[in-house]
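The values are calculated or read from the model by the stated rules, or taken from the named source; none is laboratory data. Just so it is clear, the structure is predicted and the values come from calculations on it, not from any experiment. So basically every Cβ, Gly included, is an ideal-geometry build from the backbone, and we count neighbours across all protein chains shown.
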Amino acid sequence: MIINKLTVKNLVEFGRYSEQRQSNFAIRLQTPKNITKDDSAGGDYWIRSTSGISGSYRLNDSKIIAEKLNDLIIDHNSTPHENSKKMYRRNIEILQGYKGFDFSIWRPNAELKFLPKPKHPILVKNIPIQILPNHVFSYKEKDEQKIGGIIFVTWLEGFKRGDLGVFSDTLFRYLSDNYTTSFSIEPKFCLAVDAVSKQSVGYHQILSGEIQPLLEPTIDILKKYIN
């Protein structure tokens, strides 16, 4: 039985592991964690860049990027710690790619209403998976109330299109679990975006067969290792 949180990124990483590492990963998922003060205080390495991108997406305006960049440069120049400098540099490099960026390419051509985002995991084949989209939004199209969402993801190793498909597939299921009584889900705007490369994948690309669905096959492999 899984007792530790399984995120979508964890699942993508699991899919790249050797059999031995997959087995060890499954063991860790079933072993209680001793939460220490240091564990609970850990932050998101990429939060400075992804929060800037997320804020600019919401406003549909890249001006906030310049403000975030300025803050990061100040922090980079003022810290004496090389590891912190490296983190700031990596976040700066990401944000520099969004100066003057047109965020409308990832938005419906309509007025968006941003909605609350439940934080509870979804179940896929009885496996709880945590996905935390940056935004969930509704909009009106031809008298129909639609809903979509977007998640910006970052990984030093880089995401492949199939990896992004796992995120968009999970996001579609997340919206299905939480919002289908009031809205029609738009697969095109169940979007996962690699914040570094700007590559995006929508759930419609899985439905059309353009991208192979990897979510359930990866979970099937994981379940072989779970007692």
In the stretch 198-227, the residues that are among the hydroxyl-bearing types (Ser, Thr, Tyr) and more than 14 Å from Ile151 (Cα to Cα): Ser208, Thr218, Tyr225
Condition broken by Thr79, with the remaining ones in (1) surrounded by 12 or more Cβ atoms within 10 Å (Cβ to Cβ); (2) touching a residue at least 12 places away in the same chain (Cβ under 8 Å); (3) of a type in the set (S, T, N, Q) satisfied: (2)
The stretch 194-206 - residue that is surrounded by fewer than 19 Cβ atoms within 10 Å (Cβ to Cβ) and of a type outside the set (S, T, N, Q) and, of those, nearest to the chain's Cα centre (by Cα): Lys198
Meets criteria (assigned by TED's automatic domain parsing to the domain that holds Gly202, surrounded by fewer than 18 Cβ atoms within 10 Å (Cβ to Cβ) and not hydrophobic (A, V, I, L, M, F, W, C)) for Gln96: no
Qualifying residues in the stretch 98-129 (those that are among the polar types (S, T, N, Q) and in a loop (DSSP other than H, G, I, E, B)) - the one farthest from Asn10 (Cα to Cα): Asn109
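Looking at Ile64, is it outside any loop (DSSP other than H, G, I, E, B) and modelled with pLDDT of 95 or more? Step through it out loud before you land on a result.
Numbers: outside any loop (DSSP other than H, G, I, E, B): yes; modelled with pLDDT of 95 or more: no.
So Ile64 does not fit the description; no.
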Qualifying residues in the stretch 1-33 (those that are outside any loop (DSSP other than H, G, I, E, B) and among the aliphatic types (A, V, I, L, M)) - the one farthest from Val153 (Cα to Cα): Ile27
Subset of the stretch 159-186 [over 13 Å from the mean Cα position of the chain (by Cα) and small (Gly, Ala, Ser)]: Gly162, Ser176, Ser182, Ser184
Tyr57 among the hydroxyl-bearing types (Ser, Thr, Tyr), under 25 Å from Pro128 (Cα atoms) and surrounded by 13 or more Cβ atoms within 10 Å (Cβ to Cβ): no
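Okay, residues lined up against (1) within 30 Å of Phe25 (Cα to Cα); (2) of a type in the set (Gly, Ala, Ser); (3) in contact (Cβ under 8 Å) with a residue 60 or more places away in the chain; (4) crowded, with 17+ Cβ neighbours inside 10 Å:
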{"residue": "Ala110", "(1), (2), (3), (4)": "no, yes, no, no"}
{"residue": "Glu144", "(1), (2), (3), (4)": "no, no, no, no"}
{"residue": "Thr154", "(1), (2), (3), (4)": "yes, no, yes, yes"}
{"residue": "Ser184", "(1), (2), (3), (4)": "no, yes, no, no"}
{"residue": "Ser208", "(1), (2), (3), (4)": "no, yes, no, no"}
{"residue": "Asp220", "(1), (2), (3), (4)": "yes, no, yes, no"}
Test: residue in the stretch 77-92 that is modelled with pLDDT of 95 or more and within 17 Å of the chain's Cα centre (by Cα): yes
